[in-house]
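Following: one structure in structure tokens, then a few remarks.
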Amino acid sequence: MNGVPKTEQRAYMRILPIEEGIVIDHLLAHTGLFVLNLMDYTGLTVTPGLDYRSDKLSDLASRIAGRAVVVKKDIIFIEGGERTDELISEDLKGAIKIVSPTATINYVKGGKIVDKIHPIPDPQYLGGILLCANDNCTTNTEGGARRFRVIEAPTIEDVLNYTTDFQTKTPFKVQCCYCEKQFFGPMVRFYTGQTLRDVLEGEGRFFRK
């Protein structure tokens, strides 16, 4: 909405400011509900906003693509006082960075942003949000905690290019810390059963754990 003040944009989006909590903004469209699915937001007030046109992301994607493109975003408002302080784990930050490296995590107190994480640091390891593709891995046969070393992760350019044409590559390669096998592309699955491309394309977006 070019030329429209942010306060009017917010009113148009029918979203009210929160007093205390977290706002995850500039999530690429289709990734918002996936991110929510990774959280334990019991007892919190959650308001997801889905598929809003983002001039910021559209401008960035247009510069990368060398042509005019339109990119939409999701935004998540989570309100619940001190309970929200423990909501964003390092593992969750890593997952957000993988599926939506454009995202910003805002911490709000007294109706004002008191801290902001952007860009989110690249994850070195990911935990239980991923599944090991090796059926014989102890994490599959005996259970227990999962942990993966991130060998290669998609960049902002990779993800934005993919969301505009669904044809370009989205490099994602990890190594299981238990069986030490490496997996990439469609072999890397989140515990929801989705691949990275599934998340970006909105496949299985309404899965609930």
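What accessible area per residue, rounded to a whole number of Å², is obtained for the stretch 81-151 using a probe radius of 1.4 Å?
51 Å²
Expressed as an acute angle from 0 to 90° and rounded to the nearest 10, what is the orientation of the C-alpha long axis of helix 90-99 relative to the principal long axis of the chain?
Here the helix axis deviates by roughly 80 degrees.
Express in nm, to one decimal, how much length is gained between residue 114 and residue 56 on full extension, taking 0.36 nm for each residue of separation and deducting their alpha carbon distance.
Numbers: separation 58, 0.36 × 58 = 20.88 nm, distance 2.20 nm.
Extra length from residue 114 to residue 56 when fully extended: 18.7 nm.
When all C-alpha to C-alpha distances in the chain are sorted into bins of 5 Å, what percent of pairs does each bin hold, rounded to whole numbers?
Percent of pairs per bin, in order: 1, 7, 15, 19, 19, 16, 12, 7, 3, 1, 0, 0.
Run the numbers for residue 169 and residue 67: contour at 0.36 nm per residue of separation, minus the present Cα-Cα distance, in nm.
34.9 nm
For the pairs 56/116; 72/109; 73/97; 56/169; 73/109, note any where the Cα-Cα span goes beyond 19 Å.
The answer is 72/109; 56/169; 73/109.
Can you give me the % of accessible surface on the chain that is carbon or sulfur? Probe 1.4 Å, all protein chains present, nothing else counted.
49 percent
Set the Förster distance to 35 Å, then compute FRET efficiency between residue 187 and residue 87 from the Cβ-Cβ distance, nearest 0.05.
Details: r = 30 Å, r/R0 = 0.85.
Taking R0 as 35 Å, the efficiency between residue 187 and residue 87 is 0.75.
Order of 137-144, 184-191 by packing, highest average Cβ count within 10 Å first?
Ranked by mean Cβ neighbours within 10 Å, highest first: 184-191, 137-144.
The values are calculated or read from the model by the stated rules, or taken from the named source; none is laboratory data. Computed from a predicted structure; not experimentally measured. Neighbour counts are summed over all protein chains in view; Cβ atoms, including those assigned to glycine, are modelled from backbone coordinates with ideal geometry. Just the protein is used for accessible areas: all its heavy atoms, side chains included, with ligands, DNA and RNA removed. Shrake-Rupley method; radii C 1.70, N 1.55, O 1.52, S 1.80 Å.
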